[in-house]
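Engineer: Quick one: the structure is below, and I'll ask about it shortly.
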Amino acid sequence: MNKYLKFVIAALIIAAGVYLMMNRNIGWGIVLVLLSALPILLFFKNEYILLAFWFLRKQNMAKAASWLSKITDYRAQLHRTQYGYYHYLQGLTLAQENPSGVEPYMKKALEYGLNMKHDRAMATLNIAAGAIQKGRRQEAQKLLEEAKRLDSAGMMTDQIKMLRDQLKMPSMQKHMHNPHMRQRGKFS
C-alpha cells in the first residue's frame with residue numbers, strides 16, 4: 001500500500017468521526033477520531049517491518065523474510081526513516097543462508113541510518129565479519145572497535161570477542177602453497 005494512502009484513510013476516518021459528532025453520536029465520533037491515529041502511526045512505522053521484527057524476535061527467519069518480500073518498492077511504501085531498517089532486516093534474514101551477501105545490505109542500512117545504537121552495532125559487526133571473511137583485516141579491526149563503542153549495553157561482547165579471535169588467527173591465503181610446485185626442485 002502506498003504510504004500516502006494511509007493519510008487519505010485517516011482523513012476519511014476523521015471525517016466520519018466529525019460527521020457522527022455532528023449527528024449527536026459523540027461517543028462513536030470520539031472513538032473514530034482516536035482510531036484515525038492507527039493509519040498515521042502506520043505511515044511512520046510500516047506494518048510489514050513491524051511484523052518482520054516480530055518474527056525475527058521469535059527466530060522465525062522464513063516468515064520475517066516473507067513479510068519483507070511484500071515490500072515491493074521500499075521508496076514508495078516506506079517513510080524515509082524506515083529505509084535503513086528495511087535493508088537491516090533484509091541483511092539479518094539473509095545472514096543464515098548467505099553470510100557473504102549480508103555486507104551490502106548492512107552498509108546501505110548504515111547509510112540510510114538506524115535509530116538504535118545496538119542496531120548500528122549489529123550492522124557494523126556484520127560488516128566486520130564480511131571484511132574478515134574477505135581478508136581485509138585493518139578495516140575489520142576498525143569496524144570491531146566501532147561496534148564495541150556502539151555496544152554500550154554489552155549485548156554483543158561475545159560476538160566481538162569471537163571476531164577478534166578470528167583476526168588473530170593467521171590467514172590461510174598467505175600460507176597456501178601452489179600444489180603444482182611441491183614436487184619440483186630448485187632447478188627443475
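The values are calculated or read from the model by the stated rules, or taken from the named source; none is laboratory data. Note that this is a predicted model, so its numbers are computed, not measured. Neighbour counts run over all protein chains shown; Cβ positions are idealised from the backbone, glycine included.
Engineer: Would you check if there is a residue in segment 40-59 being basic (Lys, Arg) and in a loop (DSSP other than H, G, I, E, B)?
Structural biologist: There is at least one residue in segment 40-59 that is basic (Lys, Arg) and in a loop (DSSP other than H, G, I, E, B).
Engineer: Anything in segment 117-153 that is of a type in the set (A, V, I, L, M, F, W, C) and more than 24 Å from residue 82 (Cα to Cα)? List them, or say none.
Structural biologist: Those that are of a type in the set (A, V, I, L, M, F, W, C) and more than 24 Å from residue 82 (Cα to Cα): 129, 131, 132, 140, 144.
Engineer: Criterion first (modelled with pLDDT of 80 or more and either more than 18 Å from residue 121 (Cα to Cα) or touching a helix residue (DSSP H, G or I) at 6+ places or on another chain (Cβ under 8 Å) (or both)) does residue 158 satisfy it?
Structural biologist: Spelling it out, it is not the case that residue 158 is modelled with pLDDT of 80 or more and either more than 18 Å from residue 121 (Cα to Cα) or touching a helix residue (DSSP H, G or I) at 6+ places or on another chain (Cβ under 8 Å) (or both).
Engineer: Oh, and also: Out of curiosity, is residue 42 surrounded by 14 or more Cβ atoms within 10 Å (Cβ to Cβ), of a type outside the set (Gly, Ala, Ser), touching a residue at least 60 places away in the same chain (Cβ under 8 Å) and touching a helix residue (DSSP H, G or I) at 6+ places or on another chain (Cβ under 8 Å)? Give the steps one after another, and end with the answer.
Structural biologist: Details: surrounded by 14 or more Cβ atoms within 10 Å (Cβ to Cβ): yes; of a type outside the set (Gly, Ala, Ser): yes; touching a residue at least 60 places away in the same chain (Cβ under 8 Å): no; touching a helix residue (DSSP H, G or I) at 6+ places or on another chain (Cβ under 8 Å): yes.
No; evaluated as a whole, the condition is false for this residue.
Engineer: Can you tell me how many residues within segment 75-119 are touching a residue at least 24 places away in the same chain (Cβ under 8 Å), of a type in the set (D, E, K, R), surrounded by 14 or more Cβ atoms within 10 Å (Cβ to Cβ) and farther than 18 Å from residue 50 by Cα?
Structural biologist: Residues in segment 75-119 being touching a residue at least 24 places away in the same chain (Cβ under 8 Å), of a type in the set (D, E, K, R), surrounded by 14 or more Cβ atoms within 10 Å (Cβ to Cβ) and farther than 18 Å from residue 50 by Cα: 2 in total.
Engineer: Name the helices (runs of 4 or more DSSP H) wholly inside segment 68-165 in which the number of residues that are over 29 Å from residue 4 (Cα atoms) and in contact with a Leu (Cβ under 8 Å, 6 or more places away or on another chain) is 1 or more.
Structural biologist: On the way: elements: 74-77, 83-94, 102-112, 117-133, 137-150.
Those helices (runs of 4 or more DSSP H) span 102-112, 117-133, 137-150.
Engineer: Take residue 30 and decide whether it is surrounded by 13 or more Cβ atoms within 10 Å (Cβ to Cβ), closer than 26 Å to residue 79 by Cα and of a type outside the set (Ser, Thr, Tyr).
Structural biologist: Answer is no for this residue.
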